[in-house]
Amino acid sequence: MRVRSSLVPAALALMALVVGACSSGSTTNNESGTLTVWLMDGSAPDSVVQGVNKDFNAKYPNVTVKVELQKWGEIGTKLDTAFAGSTPPDVVELGNTLVAKYAAAGALADETSKKSSYENSSSWLQSLTDSCTVGGKLYCIPYYAGSRAIIYRKDIFAKASVTQLPDSLDGLLSVGQKLMEANRLDSGFSAFYFPGKYWYAALPFIWDFGGDIATQSGGQWKGQLDSSGSQAGLLALNGLVSKLSRADRQGDEAKQDQAFAQGRIAMIVANGWEIGVILDAKSGGDPSLKDKLGVFPIPSHNPGQSAPVFLGGSDLGIAAKSKNQGLANDWVRLLAGAKYQNQMATVGKVIPNTTTLLGLNDSDPLIGTFARAAKNSRFVPNSPNWANVEASNVIPDMLVNVFTGRVSFNDAIRTASDKVAQILNAKS
Amino acid sequence: MCAATNTDTLLREEPRHRVLGLIAGRRLRKRAAPYFLVAPAVAAIAAILAYPLCLLAVLSLQHYGIRQLFAHQGVWVGIDNYWSLLGDAAFRAVVLRTLIFTFANVAATLVLGTLIALLMERVLPVLRLVVMAGLVLVWATPVVVAVDMWQWMFDYEFGIVNYALTHAGLGNFIHHSWFDNPIQGFTVIGIVIVWGAIPFVTVTLYAGLTQVPREIVEAAEVDGAGPLQVFRYVTVPVLRPIFVILATLSTIWDFQAFNQVWIMLNARPSADYMVMGVYSFVQAFKVSQYGEGAAIAVVMVVVLLLATAFYIRSYLRQAVGGLEGA
């Protein structure tokens with residue numbers, strides 16, 4: 001989900017650890033060994049990882065913490081291999097849609113009895129807690145969340161004399177058309193840039209009209225992508241895409257921030273942290289856009305309301321096979337605790353794992369909108385098989401078929417809906 | 001050819017030994033010697049090829065999901081994985097697509113490779129050197145790096161292909177997606193595959209061309225054969241064994257094309273772009289159905305065997321022909 005320039009080389013983490021070990025005056029614990037932690041590339045700022053390790057080593061001066069950064073693209077394969085081995089990493093960051101798969105397969109330690117020992121566990125974000133809960137048991141610790149809103153260019157809006165931000169889907173369309181008209185000479189201009197496979201950004205439109213991916217009754221999943229609500233949402237989105245977007249209908253969102261920074265796009269659907277990418281020259285962004293960016297929530301078709309968004313995010317799991325359960329618990333307690341969650345929000349610009357810290361970025365005109373959007377959020381079907389729906393690209397394929405029109409709309413949604421149900425109902 | 005000569009010698013020696021009535025032990029030793037010599041190679045092949053293949057076959061007969069993976073214990077299901085593949089229309093489409101795509105790539109590789117080899121034979125040595133250097137550079141580029149570069153060139157947003165085509169006045173290719181239409185998409189991927197496959201074919205064929213006896217060509221020309229006839233009746237028959245080998249190898253390589261499809265489509269190929277190698281990988285390593293993925297791989301081996309049966313028969317005919325001729 002999150003792709004950002006690589007952060008902490010393991011050496012830095014080690015250095016922090018050595019420094020931490022030297023400066024800690026009182027030895028509180030004699031345990032020794034190595035604690036291996038897998039974090040996703042770009043999830044925690046360097047300073048947070050270093051801080052956690054420093055605090056950890058103050059308590060366990062003889063334990064070496066190895067933080068290894070993983071890429072989102074190949075994480076499924078790496079996790080399968082790691083958990084199948086006898087020495088998996090002790091702590092793993094898992095995308096919240098992946099947890100059910102590994103928890104149900106017995107890869108993660110059951111944390112139910114220790115829940116209350118984690119700080120803020122009573123105020124964790126419900127959606128993240130739900131993603132950690134399989135069969136009524138808690139298999140991971142909420143880490144952070146991310147939600148999407150629309151990032152727009154204030155200057156492009158102003159130049160097209162758009163003074164009012166859209167507060168409904170119709171408003172979004174008419175503002176977009178005004179922008180397209182004002183920039184009609186630029187054949188590469190997109191008022192609302194929407195790459196075809198960007199399914200996280202398509203879900204709000206489906207949910208807004210009462211549609212869904214799948215629903216469960218009596219233990220059986222039923223595909224809902226072809227329900228009337230989903231159809232209405234997809235048709236509305238298709239209207240926006242066909243009229244306002246010149247993004248690759250076959251492409252994904254991986255490069256959308258770089259494209260946005262080129263200046264020929266007025267709006268994108270994005271995560272809060274993507275603002276950093278847009279402004280970072282090193283990752284292909286443009287720092288001069290700093291005062292030209294604005295954010296508003298994805299509008300609902302009901303005027304004045306915003307659409308429910310997909311709550312992405314990550315959880316921290318502890319491997320069932322880990323021989324360092326106690327150490328792993330303590331390391332996770334630090335990263336998931338208030339001190340570092342505070343920094344995750346203020347430095348990392350993500351949504352922290354507890355409602356008590358949700359207001360941290362409220363005054364930030366950009367990031368605040370994302371945090372507020374998270375309050376009206378939804379999640380994908382919580383099934384051990386969900387990860388396979390993602391891996392099979394069912395929803396991106398459906399979107400590509402709808403946007404390109406190379407398969408009839410009805411065929412596209414029916415095929416996708418059947419495939420979702422088939423995968424979710426399969427024995428794992 | 002080498003093999004044929006050796007067998008030949010053995011065959012001729014055999015009766016003589018019998019006539020001389022050599023003692024059985026010595027014969028046994030003599031007979032055993034080749035097996036001793038070949039043993040290390042056989043052992044190595046068994047360890048790195050036969051054993052994994054055997055495991056693959058066993059795996060394909062099990063339900064092996066992620067739970068089984070973590071428990072190191074599959075559930076025996078017999079040929080269920082194969083049955084469900086046979087009944088799966090999507091899988092049949094994948095097989096057909098793979099066969100057509102492979103055939104097109106092999107044909108394009110061989111035709112272009114032959115043409116370039118013929119060209120190299122005829123141009124000035126300095127130009128030949130340039131062409132050869134270019135081919136070797138292509139050959140030396142690691143596949144992943146090369147495919148990444150092709151992906152950039154065909155990029156929807158920033159790609160140079162769209163830019164160049166538009167500025168060359170060939171139409172409006174700004175924001176042209178090469179992968180919207182699968183036929184166009186496969187053409188692009190095919191170009192990448194053929195581009196990477198041509199150097200080996202060309203260099204091998206060029207080496208072969210230098211072995212075509214000059215005097216036969218001249219004799220044909222004296223008899224009034226034009227260039228096409230010389231190619232058809234002199235060059236092709238001489239190069240036939242090389243063509244057979246190249247066609248076999250190309251078929252094997254192109255049939256299992258993975259990197260080109262996977263990287264060109266950002267590691268998220270849609271259903272239209274599933275070829276067997278990619279499909280097997282996705283089912284096994286992305287969807288974590290390792291049993292089913294293994295079954296697909298086994299089917300792949302079988303289809304590949306059938307597809308190359310033609311060439312293998314050619315080999316055998318040549319080998320047998322060599323024996324009979326001696």
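Just so you know, all these numbers are worked out from the coordinates, no wet-lab data involved. This structure is a prediction, so every number in the text was calculated from the model and none was measured. Every residue, glycine among them, receives a Cβ derived from its backbone with ideal geometry; neighbour counts consider all protein chains shown.
Non-local amide H neighbours of A:Ser377 (under 5 Å, H modeled in plane, Pro and chain starts lacking H): which ones? Excluding prolines and chain starts, which carry no amide H, the hits are A:Val309. Considering the options B:Pro182, B:Ala164, B:Ile312, tell which one lies farthest towards the positive end of the dipole of region B:80-325, charges being +1 on Lys and Arg and -1 on Asp and Glu at the Cβ, about the Cα centre. Checked the options; the winner is B:Ile312. Label positions at B:Ala104 and B:Thr141, each projected 7 Å from the Cα along the C-beta direction, are separated by 2.1 nm. Simple point charges give the picture: +1 on the Cβ of Lys and Arg, -1 on the Cβ of Asp and Glu, and for chain B a dipole about the Cα centre of about 1380 debye. With neighbour counts taken as other beta-carbon atoms within 10 Å, the residues B:Val303, B:Val111 rank, fewest first, as B:Val111, B:Val303.
Given R0 = 22 Å, the distance between the Cβ atoms of A:Asp110 and A:Asn342 translates into a calculated FRET efficiency of 0.20.
Give the relative contact order (percent, whole number) for region A:208-271; include only Cα pairs under 8 Å separated by 6+ residues. Write out the running numbers ahead of the final one.
Working: 40 pairs, mean separation 13.3, N = 64.
Contact order relative to length: 21 percent.
Here the Karplus curve 6.51 cos²θ - 1.76 cosθ + 1.60, taken at θ = phi - 60°, turns the phi angles of region A:230-241 into couplings of 4, 4, 4, x, 5, 5, 4, 5, 4, x, 4, 5 Hz, with x standing for Gly and Pro. Over chain B, DSSP H runs of length four or greater, each weighted -39,500 (n - 2.57), average out per residue to a 222 nm ellipticity of -24000 deg cm²/dmol. Simple rule: put +1 on each Lys or Arg Cβ and -1 on each Asp or Glu Cβ in region B:80-325, find the dipole, and look at B:Val301, B:Phe91, B:Ala140; the Cα lying farthest toward the positive end is B:Val301. Its Cα centre serving as origin, the protein assembly as shown has a Cβ charge dipole (Lys and Arg +1, Asp and Glu -1) of approximately 1320 debye.
The angle between the Cα long axis of helix A:75-84 and the longest principal axis of the Cα atoms of chain A comes to about 30 degrees, rounded to the nearest 10. Projecting label points 7 angstrom from Cα along Cα→Cβ for B:Ala207 and A:Ser117 puts them 6.6 nm apart. What FRET efficiency do you get for A:Asn425 and A:Gln164 if R0 is 30 Å and r is their Cβ-Cβ distance, rounded to the nearest 0.05? After rounding, the FRET efficiency stands at 0.05.
Summarising the strand pairing of the protein assembly as shown, around 70 percent of its internal DSSP beta bridges are antiparallel. Each residue of region A:37-45 was assigned a 3J(HN,Hα) from its phi angle through the Karplus expression (A = 6.51, B = -1.76, C = 1.60, θ = phi - 60°), giving 10, 9, 10, 7, 4, x, 7, 10, x Hz with x at Gly and Pro. Across the cross-link table entries A:Lys101/A:Lys282; A:Lys115/A:Lys321; A:Lys222/A:Lys255, which are compared at the Cα atoms, the separations over 28 Å belong to A:Lys101/A:Lys282; A:Lys222/A:Lys255. Each residue of region B:303-317 was assigned a 3J(HN,Hα) from its phi angle through the Karplus expression (A = 6.51, B = -1.76, C = 1.60, θ = phi - 60°), giving 4, 5, 4, 5, 5, 9, 4, 4, 5, 4, 4, 4, 3, 4, 4 Hz with x at Gly and Pro. If the segment from B:Tyr233 to B:Ala50 were pulled out straight at 0.36 nm per residue, it would be longer than the present Cα-Cα gap by 61.7 nm. For chain A, the longest principal axis of the Cα atoms and the long axis of helix A:394-404 meet at an angle of about 20 degrees. For chain A, the share of DSSP beta bridges that are antiparallel, to the nearest 5, is 65%. For the protein assembly as shown, the residue among B:Trp195, A:Ser32, B:Asn266 whose Cα projects farthest onto the positive side of the dipole built from Cβ charges is A:Ser32. A Cβ-based charge dipole, computed about the Cα centre of chain A with Lys and Arg at +1 and Asp and Glu at -1, lands at about 180 debye. Over chain A, DSSP H runs of length four or greater, each weighted -39,500 (n - 2.57), average out per residue to a 222 nm ellipticity of -11500 deg cm²/dmol. With R₀ set to 25 Å, the beta-carbon distance separating A:Lys71 from A:Asp155 gives a calculated FRET efficiency near 0.15.
Here's the picture: a label point sits 7 Å out from the Cα of B:Asn181 along the beta-carbon direction, and within region A:385-428 the residues with their amide nitrogen under 13 Å of it are A:406.
Dividing the mean sequence gap of close Cα pairs (under 8 Å, 6+ apart) by how many residues chain A holds gives a relative contact order of 23 percent. Each Lys or Arg adds one and each Asp or Glu takes one away; over the other residues whose Cβ falls under 13 Å from the Cβ of B:Val217, this sums to -2.
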